[in-house]
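Input: a single structure, listed below in structure tokens.
Every number in this text was worked out from the coordinates using simple rules, so none of it is lab data. Every value quoted in this text rests on a predicted model; they were computed, and no experiment measured them. All Cβ positions, even for glycine, are placed from backbone atoms using ideal geometry, and neighbour counts span all protein chains on display.
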Amino acid sequence: MPDLQSLGDNLQVGLEHYLTLSVMLFSIGTLGVIFRRNVLVMFMSVELMLTSVNISLVAFSRYLDDLNGHVLVLFVLAVAAAEAGVGLAILVEIFKKRDTVDVDEFRQLME
Amino acid sequence: MNFTWSDAAYFGPEAVMGLTFLLCVLGDLVTRGRRHVVPFGTLLVGTAISLVLALLHPPVSSHAILGQMVVVDGFAHFFRLLFLGITFVTALLSWSSREIMGRDREHQGEFYALAAMLCFGMMVMAESADIVMLALSLEAVSITSYILAGFARFSFRSSEAALKYVLWGAVSSAVMLYGLSLFYGLTGATSYEGIRAGLSGGQGGMALLVAILFVMAGIGYKISAVPFHFWTPDVYEGAPAPVAAIFASGPKIAGFALMIRFFYVALVQDDSQGTLALLDDVQWPWVLAIISAATMTLGNMAAIRQNSVRRLLAYSSIAHVGYMLMGFVVLSANGLAAVLFYLFVYAIMTIGAFLVVVALNNRVSGEEIDDYAGLGFREPLVAAMMFLFLISLTGLPPTAGFIGKFYLFAAAGEAGLWWLAILGVLNSVVSLYYYMRIARAMYFTPPELSGRVGLAQAHLILLVVLAVPTLVLGVFWSPLKEFADQSLRMLLGGG
Amino acid sequence: MLELADGGSSSLLTWMTFFPLLGAVVISLLPSRNQNLHRWTALGFSLVPLVLAVKLFMVFDRSTSDVQLWTQVDWIRTFHIQYFVGVDGISVTMVLLTALLCAVCVVASWGIQRATKGYFALFLLLETGMMGVFVSLDFFLFYVFWEVMLLPMYFLIGVWGGPRKEYAAIKFFLYTLAGSVLMLLVMIALYFNVNDPSTGGHTFNMLHMMAQANHGEWLLDPTIRHILFLGLFIGFAIKVPIVPFHTWLPDAHVEAPTAVSVILAGVLLKMGTYGILRICYPILPDAAAWFAYPLAILGAVNIIYGAMCAMAQTDMKKLVAYSSVSHMGYVLLGMAVFNEAGITGAVLQMFNHGTITAMLFLMVGVIYDRAHHREINGFGGLGTSMPKYTTVFSLALFAALGLPGLSGFVGEALVFVGAFEVYRVVTIVSVLGIILGAAYVLWMLQRVFLGPLNEKYADTPDINRRELITVLPIAALVIFLGVFPPPIINMIKVSLLNLIAQIPG
């Protein structure tokens, strides 16, 4: 029977792990924005990207033992909310007129 | 992070604009959105007061306030005056525009509140000295812009433009924030000065390259540089024309201001001889030089194919970003002075050209180049001024645009970037072709209708107000050049 | 080396340059209905430079190569840009030519009916631009005038031109701008690498640029000098136009209204060769010597190609346009040999071609006003129905083919005399151009004026008094300078000797 306690002591979760998670989330978000055509899903992907920013900021902040990073995180959260608010409001406006949230349908502004 | 009341004296113009925003909202509320003149007047008065404050107290030295997050110096002063001027002119321009103020429109008053907020955000963008403030001011401008782009709520085009803008804007700001978080992680600092101090020691390596590229992507989106430019024509076309005029000038210029301060404070150092050098091995000027080349070339090539005046101007505004980046990449005070000079001139001529579009939109239904046929004979004054703006955009003497381009090419030449300068002048020749398509329609094609078009008096006055400096600065431009030089002295000398 | 004449300061050239601009402003403020008022105002404002030109001709000191009648004022001090104008022997003839042709062309434009206000205002603006180019001694100022001139020209062709005016106008504009932006870059390169000996800073002053001792280290590399020379040369070559940059010319000349064609051929083409003499040669003399042979060959190509194209034309105006290409080839050939006869012949030919081609275009304009077409084969026997017209036109045509006794002969002869010493083969080939020239001129003369009278034009009124007023002064000049060229040769001689003395080899 392995000693869970000692295993846990040996397995350190360090900065790299947080950054790896952050990069993964960022990549997933980026791919989501590029490949999904549903505006709502695209907005969610953007939120993922912002979350990854927050994770890396918090990790750095903790690692550097510096509070500025946490401050930026709070602002990023607020900004993300504001952006989503405006974005969704505009989307509602469009949905009322077109009954769709598929970006490929929005092509009136083309050459 | 201490706030002292003496900071307020330095932050006066910004504080006034912030207050103006609140008063505009309040005024609109109190009058229940029926008397638009209240927010409009508030904005004009607020901008004027702010302008007077800024002119009365030009900064004599670089002064960091609000917990070192904002720096008020000559550079900030230059852009303050520019943004306040842009806000004042675009407010007047919007007041007589049917697209904003027409009978069938709603919430006209809010437009002016948003304009105040935008001006506030842009001013802070030029002053921010910390990535927290950078992110906040940039978002303040962006979110306001998204709302302005979708201001014509009933119009599907406007909403579609706004959606594209907000979606890609959110993506680009997420990318930039990620880059900023890397800067923070690499240096442990959030202030530009701190980042420079952190970087000057060692090698940033791959992480620094990624960080710089990501920040470039975010700023590139704001200033619409290739390959982050794709939203520009759609948004300029879909948004109401006065909003397009604002976008083509204000936020783009603010993006440049932010970029100059960030890159030149955080990533460049003065050596003892007063020449600028890179901090690290990351050759970002080369990346930007290539972006510059791509931006001017693609912008011009795409503009040739446009039939809509507004889309044409949108692509031309992209091309101009390419020219301006030319002055940015040479790492010299002369190059930056050329950029500042050009930004000032660019604001005047671009707003002028868009103003003609706005003024005609009130009367003429279409925005195709062909709809301008015979304008030279129906409205000689307007056409003459449009022509003046067009040759200024092309960069022909005796207009301010020529002097601006001349300084940019000179800066590139001085730095030995001849390939970029040659590309730049060839692009100018290409741009002549599509600008002259508008001139051709105005003068060489007989009008379909005769008689005056009948434009708003306010628009005519504004046109003259913009045309005069376009011409005068083409003949005598010393004061502006010296102002630009002086504005940079504190930014580059202080570091 | 070019120097300022002591005590030669004068505001004469400034008046000559900016008086037409004042006229343009005045005309644009006049009421638009009264067309005669526009015409007379324009005439008044273009006569003043002509009167001043006569004064210039009187006071010009022919014994020195120094810059005379100069004005030097700081314009933009931080960038060392000056308002610096003056004339020497090379530019003075061009200033005289410009003043003369502009006044003549205002009279020749009397028949313009459409938007006369805009037409004459732009025309006077054009005169300011052209004058400015010929008197500027600051490179920046030169460039500004060079470009300013494009704008009115674009409109004059595009609004008042013929059926394909839009195409011709934009083609002219694009070609010339493409050339001038190259010049802009070379100008910037020179600015940063030439030192002002008095201040130690950079300078746009052409006289400082010409003094080789002021050239910086970067500028001493022969490869760089050759590249800079080429950049400038292409810019000017487009204007001349030198084959293969000539394709804008037939379009622009044919579509432009008569008076504008006269200015295009009479003055604008000279700007190209003037620019080479004023800027390329003295600033980069070693590069000029290096490129001399290719220049001579290009000259020969221009002569032969232009003449062959002229032979193939059925449109009179196009024929005259291509003859210009051919005649500018003589200028280029003369310039490529750096001896007295050749280069004097070249500058003389610049002046004489200006007057002769002006006559030709005016005469083509006269018949076009009456017949509304210019087909060479569409006429015949006009000699009987329009005797006075035939006389004047024949005079112009004979001058164009270089008949001794008329001014065209002197320049061409000098060019060949000078060129034969240096490039035998090229010169012998070029002389064929004279034969081709005679061929297309006589061929046209025969088909238009001789033979049986085309009944359609039996009642065509002969040349009228206003048209004679435009053409007779020029005709007198052509005959006078053909018999007695010294008045012009004396003006240019000393300056040209000074110029070729600087060219090595």
How do A:96, C:165 line up, fewest other C-beta atoms within 10 Å first?
A:96, C:165
Pull up all non-local amide H partners of residue B:67: gap of 5 or more, or a different chain, and H-to-H distance under 5 Å with H placed in the peptide plane.
B:2
For chain C, take the longest principal axis of its alpha carbons; what is the angle in degrees between that and the long axis of helix C:340-371, to the nearest 10 within 0 to 90?
30 degrees
Estimated vicinal HN-Hα couplings, Hz - segment C:487-501 in sequence order (Karplus 6.51, -1.76, 1.60; Gly, Pro = x)
x, 7, 4, 4, 5, 9, 4, 4, 4, 5, 4, 4, 5, 6, 5
Unit charges on C-beta of K, R, D, E only; dipole of chain B, Debye:
1120 debye
Based on the alpha carbon coordinates of segment B:194-291, what radius of gyration and maximum Cα-Cα distance (Dmax) apply, in Å?
16.1, 50
Which distance in Å, rounded to a whole number, links the C-alpha centroids of segment C:318-377 and segment B:154-200?
64 Å
Each residue of segment C:428-437 in order: what ³J(HN,Hα) in whole Hz does its phi give by Karplus 6.51 cos²θ - 1.76 cosθ + 1.60, θ = phi - 60°, with x for Gly and Pro?
5, 4, 5, 4, 4, x, 4, 5, 4, x
Cα extents of chain C along the three principal axes, largest first (Å)
73, 59, 41
Of the convex hull drawn through the C-alpha atoms of the protein assembly as shown, the volume per residue in Å³ is 193 Å³
With equal scatterers on the alpha carbons only and no solvent term, can you work out the Debye log10 of I(q)/I(0) for segment B:334-399 at 0.12, 0.18, 0.24, 0.25 1/Å?
-0.37, -0.71, -1.06, -1.11
Quick one: check the C-alpha center-to-center distance for segment B:113-142 versus segment C:419-437, whole angstrom.
72 Å
Quick one: putting +1 on the C-beta of Lys and Arg, -1 on the C-beta of Asp and Glu, what dipole do you get for segment B:271-495 around its Cα centre, in Debye to the nearest 20?
560 debye
Please identify the trypsin sites (Lys or Arg not before Pro) of segment C:358-406 that satisfy two criteria: DSSP loop assignment and at most 12 other Cβ atoms within 10 Å. Which are they?
none
Along the charge dipole of segment C:293-505, Cβ charges K/R +1 and D/E -1, which of C:386, C:305, C:347 sits furthest on the positive end?
C:386
Measure nothing but the geometry: give the 0 to 90° angle between the long axis through the Cα atoms of B:380-394 and the longest principal axis through the Cα atoms of chain B, rounded to 10°.
30 degrees
Distance in nm between residue C:3 and residue A:15 label points, each 7 Å along Cα→Cβ, equals 7.2 nm
Counted neighbours (other Cβ, 10 Å), sorted fewest up, put B:475, C:366 in the order B:475, C:366
Taking every residue of B:397-405, the Cβ atoms of other protein chains inside 10 Å of its Cβ average out to 3
Determine the principal axes of the Cα atoms in segment C:293-505, then give the extent along each, sorted from largest to smallest and rounded to whole angstroms.
61, 33, 22
Return the FRET efficiency for the residue pair residue B:56, residue C:83: r is the Cβ-Cβ distance, R0 is 30 Å, and the value is rounded to the nearest 0.05.
0.25
Report, in debye and to the nearest 20, how large the dipole of the protein assembly as shown comes out about its Cα centre when Lys and Arg carry +1 and Asp and Glu carry -1 on their Cβ.
3400 debye
Trypsin sites (Lys or Arg not before Pro) restricted to segment C:17-62 and DSSP loop, no more than 12 other C-beta within 10 Å
C:33
Please arrange B:177, A:74, B:343 by counting, for each residue, the other beta carbons lying within 10 Å of its beta carbon, fewest first.
A:74, B:343, B:177
Across all Cα atoms of segment C:240-356, Rg and the largest Cα-Cα distance (Dmax), in Å, are 13.9, 43
With the charge dipole of the protein assembly as shown built from beta-carbon charges (+1 for Lys and Arg, -1 for Asp and Glu) about the Cα centre, the Cα from B:122, B:75, C:262 projecting farthest to the positive end belongs to C:262
Spherically averaged projected area in nm², based on the convex hull that wraps the Cα atoms of segment A:37-111:
6.0 nm²
What is the distance, in nm, between label points placed 7 Å from the Cα along the Cα-to-Cβ direction at residue C:167 and at residue C:212?
4.8 nm
What does the average come to when, for each residue of peptide B:179-186, you count the partner chain Cβ atoms lying within 10 Å of its Cβ?
6
For segment C:174-188 and segment B:449-495, distance of Cα centres in Å:
25 Å
Computed ³J(HN,Hα) along segment C:135-147: with the Karplus parameters 6.51/-1.76/1.60, θ = phi - 60°, integer Hz and x for glycine or proline, the list is 9, 5, 10, 10, 4, 4, 4, 3, 5, 4, 5, 4, 7
Rounded to the nearest 0.05, FRET efficiency between residue B:286 and residue A:31 (Cβ-Cβ, R0 22 Å) equals 0.15
Relative contact order %, chain B, counting alpha carbon pairs below 8 Å whose residues are six or more apart
15 percent
Beta carbons within 10 angstrom, averaged per residue: use that to sort the peptides B:422-432, C:468-478, B:404-414, highest first.
B:404-414, B:422-432, C:468-478
Expressed as an acute angle from 0 to 90° and rounded to the nearest 10, what is the orientation of the C-alpha long axis of helix B:12-30 relative to the principal long axis of chain B?
40 degrees
Per-residue average of other protein chain Cβ atoms inside 10 Å, peptide A:99-106 -> 2
